[in-house]
Amino acid sequence: MRNWLTLHLRAFAYALRRLFGQPFGTLLSVLVMGAALTLPAGGYILRNDIATLMHGMSSKPEISLFLDNEADSAQADAIRRGLQDEPQLASFRFVSRDEALKQLKGSGLGDVLGGIDTNPLPDTFIVTLRGNDPKRFEALLAKMQSWPGVVHVKYDSAWVKRLAALFELARVTALGLSVLLGLPLLAVTLNTAVRLQILAQKDEIEVSRLLGATNRFIRRPFYWFGVLQGTLSGLVALAAVWAGTHALAIPVVKVGETYGIKIALSSPNWKESLAIVAIAAALGWLGTAVSVRRHLGWF
Amino acid sequence: MIIFDSVTKRYPNGCMALDEVSFRVEPDELVVISGHTGAGKSTLLKLIPAIERPTSGMVQINEQNVSRMPKRAVPYLRRNIGLVMQENHLLPDRSVYDNILLPLIINGHPQKEAAKRVGAALDLVGLSGREKDFPTGLSGGEQRRLAIARASVNRPSVLIADDPTAHLSPAYASEIAGILRSFNSAGVTVLVATHDIALFGHWSPRQIVLDHGRLVEQ
């Protein structure tokens with residue numbers, strides 16, 4: 001075990017020397033790989049923001065339950081209890097027909113009712129929904145429709161469906177584009193860097209093999225090289241995402257305000273930051289492993 | 001013990017390097033392999049650490065059949081064989097000390113013991129005090145001695161030297177021959193391919209003579 005650790009420490013130290021022995025080359029590789037990683041990392045963070053936004057927006061739609069004008073207070077109480085027991089609701093309020101009439105008149109539309117002696121407006125429950133799944137809402141709607149005393153349920157499900165579909169499209173596109181553009185760029189850069197390292201150490205690899213080095217011994221420093229490059233690239237990507245979210249935060253809020261939507265771009269939290277760097281390091285290791293297996297066959 | 005049994009080596013280009021060569025080397029022997037250029041001396045030596053594989057026949061070292069050895073086992077075989085090749089194969093960007101240390105690192109020796117061994121190897125080849133120098137700063141003879149130190153630092157049971165005195169002045173060549181002889185005296189089986197038989201002659205080593213890939217005298 002101690003020997004194994006020593007071998008890894010030596011390989012790590014050696015990889016560090018190789019990495020910082022060519023600072024300019026390392027800087028360029030890390031910047032390119034960092035840029036490649038920024039796309040998926042940024043996409044991931046944006047995806048979270050979109051999910052939050054979807055959640056926030058889809059909670060706004062309201063359902064209006066119009067009661068029968070003949071409905072008595074017992075039926076209204078039964079509906080109230082039914083709503084109280086319903087876990088999918090965020091809140092609800094009762095608007096009596098008198099209150100509705102008052103609101104209508106207050107809104108300047110009182111003339112519409114000119115010539116009508118009686119109040120034609122029904123008692124209404126205004127219900128705010130929890131969650132963002134239109135399919136579940138439709139089931140809930142059907143259930144409410146069947147309650148005694150309810151004559152009509154009004155819900156703009158198409159609007160919510162369209163919005164959800166739009167956000168889902170944006171989410172998948174952002175993630176897909178990030179993966180399609182970012183990962184190949186990362187793979188190409190890493191492969192080139194490792195290939196150059198192998199060529200630069202061609203003599204050393206040959207000598208080590210003559211002296212009895214196993215493939216594992218020869219590959220080990222390259223693996224560490226990949227992990228270190230991946231980690232540094234992850235840090236560059238993280239810095240770019242931080243800078244990007246900070247720079248875009250205010251313009252995005254302003255755009256949202258023009259549509260009456262509250263949007264906030266969030267910077268990655270510590271867990272997300274750690275995940276980005278860890279994934280970058282893992283990708284560095286994986287890319288190097290593939291590249292080393294391919295190129296070490298030359299010797 | 002090293003056994004060559006009807007060993008033939010033909011390269012992919014059709015060149016017959018060795019043709020039905022059979023001989024046996026006992027432990028602690030010093031064997032000089034001679035022959036004209038292209039006689040097959042280097043090929044013969046490369047078959048022992050499995051740098052090359054025979055086309056037919058069997059090469060056996062310390063009861064291990066090298067001819068059929070799986071690739072993954074070859075590194076462990078090589079750790080028990082000291083190699084001094086025609087090209088010294090020194091690493092120019094590593095110091096004398098680090099060049100000698102490399103086989104010990106590969107073999108996983110603890111640092112303290114490795115340092116002792118490197119010191120002893122440097123003493124043995126007369127390079128003490130040159131630890132921090134780089135191979136490019138050494139003369140041809142010193143580079144060859146460095147290669148011998150690296151080949152011997154793992155205390156191998158077999159030492160193979162391919163033309164170790166080539167391109168060296170008579171004085172340096174004599175030194176190198178003396179170092180190889182001292183290894184043999186310490187119980188190491190030594191095989192030397194050389195044109196300069198006279199250098200080793202006064203130790204009366206066993207001689208294997210090759211001619212166009214065939215063993216003509218042993």
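The values are calculated or read from the model by the stated rules, or taken from the named source; none is laboratory data. Note that the structure is predicted; figures quoted are calculated from it, not measured. Here the Cβ is made from the backbone with ideal geometry for all residues, glycine too, and neighbour counts use every protein chain on show. Surface accessibility is based on the protein's heavy atoms, side chains included, excluding ligands, DNA and RNA. Shrake-Rupley method; radii C 1.70, N 1.55, O 1.52, S 1.80 Å.
The DSSP beta bridges internal to chain B are antiparallel in roughly 45% of cases.
Ligands, DNA and RNA excluded, the heavy atoms of residue A:62 present near 90 Å² of accessible surface to a 1.4 Å solvent probe. Per residue, the range B:65-195 exposes 42 Å² of accessible surface when a 1.4 Å probe is rolled over the protein heavy atoms with every protein chain present. The chymotrypsin sites (Phe, Trp or Tyr not before Pro) of the range A:174-261 that DSSP puts in a loop, and whose beta carbon has at most 12 other beta carbons within 10 Å, are A:259. Label-to-label distance, residue A:102 versus residue A:139, with points set 7 angstrom from Cα along the beta-carbon direction: 3.9 nm. Computed over protein heavy atoms with a 1.4 angstrom probe, the accessible surface ordering of A:14, A:44, largest first, is A:44, A:14. The distance linking the range A:69-85 with the range B:108-180 is 100 Å (Cα centroid to Cα centroid, whole angstrom). Relative to the isolated chain, which residues of the range B:90-121 have their accessible area cut by 50 Å² or more in the presence of all protein chains (1.4 Å probe, heavy atoms, no ligands or nucleic acids)? So the qualifying set is B:91, B:94, B:105, B:106. Here the relative contact order of chain A, from alpha carbon pairs under 8 Å that lie six or more residues apart, stands at 31 percent. Loop-located GluC sites (Glu not before Pro) across the range B:47-133 with a Cβ neighbour count of 16 or fewer within 10 Å are B:63, B:87, B:131, with loop assigned by DSSP.
Working note: Karplus 6.51/-1.76/1.60 with θ = phi - 60° gives the range B:203-218 the couplings 9, 6, x, 6, 10, 10, 10, 10, 9, 6, x, 9, 7, 10, 7, 8 Hz, where Gly and Pro are set to x. For chain B, averaging the sequence separation of C-alpha pairs within contact (under 8 Å, six or more residues apart) and dividing by the residue count gives a relative contact order of 31 percent. Apolar share of the accessible surface for chain B: 50 percent from carbon plus sulfur atoms, 1.4 Å probe. Around the amide H of residue B:206, modelled in the peptide plane, lie the amide H atoms of B:30, B:32, all under 5 Å away and 5 or more residues distant in sequence or on another chain.
Summing +1 for each Lys or Arg and -1 for each Asp or Glu among the other residues whose beta-carbon sits under 13 angstrom from that of residue B:24 gives -3. Out of all DSSP beta bridges with both ends in the protein assembly as shown, state the antiparallel percent to the nearest 5. So the antiparallel bridges in the protein assembly as shown amount to around 65 percent. Once the Cβ-Cβ distance of residue B:69 and residue A:169 is raised to the sixth power relative to R0 = 60 Å, the FRET efficiency obtained is 0.50. Inter-part distance, the range A:209-284 to the range B:3-71, computed on C-alpha centroids, equals 54 Å.
Using Cβ point charges alone (K and R +1, D and E -1), the dipole size of chain A about the Cα centre works out to roughly 2180 debye.
Interface size between chain B and chain A, please: total buried accessible area, 1.4 Å probe, rounded to the nearest 100 Å².
1600
When you filter the chymotrypsin sites (Phe, Trp or Tyr not before Pro) in the range B:117-218 for DSSP loop state and at most 14 other Cβ atoms inside 10 Å of their Cβ, you are left with B:203.
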